[in-house]
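I am attaching a structure below and will ask some questions about it afterwards.
Nothing in this text is a laboratory measurement; each read-out follows from the coordinates by a stated rule. These figures come from a predicted structure and were not determined experimentally. We place every Cβ from the backbone using ideal geometry, glycine too, and count neighbours over all the protein chains shown.
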Amino acid sequence: PLQIFNQRTSVGLRHLPTCSGSFEHGGYVRIVELRTFISRYLRRKVTASSVAEVRQEYLGDGGPLPLGAVRKALPGSKGHTWVLSMKEFLAARNREHPASFLNDALGLGMDCAYDTTEAAELLAIVYPATFDAEYGDELRQPNTFDAAWDCENFYISYLNDDGWGRTHSCSNQWEPHRERVHRSLDALSDGFTVESVGVADRPSKNFDCHVDEAVRRLLDTTAKPA
C-alpha cells in the first residue's frame with residue numbers, strides 16, 4: 001500500500017523501487033557544505049582557522065584535490081549518502097550562480113552554513129569513474145525512509161523504477177534532478193576529488209507547491225496499472 005508522509009519539509013511515498021535504469025549519468029557527485037566537509041570527512045573541529053586552512057589546502061588554484069587521505073569519514077544521515085549525476089552537475093556548474101542554483105534545485109534549502117549565520121559554501125565531491133563497477137549494487141533510488149526529517153532539505157519520493165529519484169526545487173522554479181543513495185563510505189580513494197562550487201544564496205521556499213507536487217506524484221502512481 002502507498003502512504004503519504006508530511007513532516008516539516010519532507011513528503012514521500014512508501015515504496016521500495018528497483019534500480020533498473022539506463023540513464024547515461026556520466027558519474028556521480030555529492031554536494032556538501034564546506035563546514036560539513038571539514039567536520040564529517042576531514043574530522044576536524046570547525047573554526048575560522050580550520051575553514052581558512054581547508055580552503056587553502058583543498059580548494060586552492062591547483063585544481064581538484066584527491067581525497068585518499070580521508071580514512072574515517074562520518075556516515076551521512078541514516079548511514080546513506082546522496083548523490084546526483086555528473087551530467088546534471090556539469091550543466092548546473094555552467095550556470096551563472098551554480099551554488100545558489102543547486103541549493104534550490106536539489107532541495108537542499110540551506111539558509112546558511114551549519115551552526116553559523118554565514119552563507120553556505122558548497123563543495124562538489126566528484127566520484128571515481130570506477131564507482132559504478134565497484135559499488136553499483138549498492139546504488140539505488142531513494143525512498144521516504146532514507147530522508148531526514150529534522151533538517152531544511154526538501155524531499156519527495158518518486159515512484160518510477162528507473163533507478164533514480166527526482167529532487168524538488170525549494171522555490172518550485174527549477175526542473176527535478178536525478179538522485180540516488182548509497183551506503184556511506186568511511187574511507188575514500190584518490191579517485192575521489194573535491195572542488196568548490198561557490199557560495200549559495202538563501203533560496204525561497206514554496207511549501208504549498210511542495211505538497212501539491214507530492215500529491216500529484218501520488219495520484220500519478222495510483223493511476224498506473226499494477
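What spacing in nm lies between the two simple spin-label points modelled at residue 78 and residue 171, each 7 Å away from Cα in the Cβ direction?
2.8 nm
Can you figure out the FRET efficiency of residue 215 with residue 44, using R₀ = 41 Å and their beta-carbon distance, to the nearest 0.05?
0.40
While we're looking at this one, here's another question. Round to the nearest 0.05 the FRET efficiency obtained for residue 135 and residue 208 when R0 = 41 Å and r is the Cβ-Cβ distance.
0.60
Further, regarding this structure: Give the peptides 81-89, 180-188 in descending order of average Cβ contacts within 10 Å, highest first.
Answer by packing, highest mean first, reads 81-89, 180-188.
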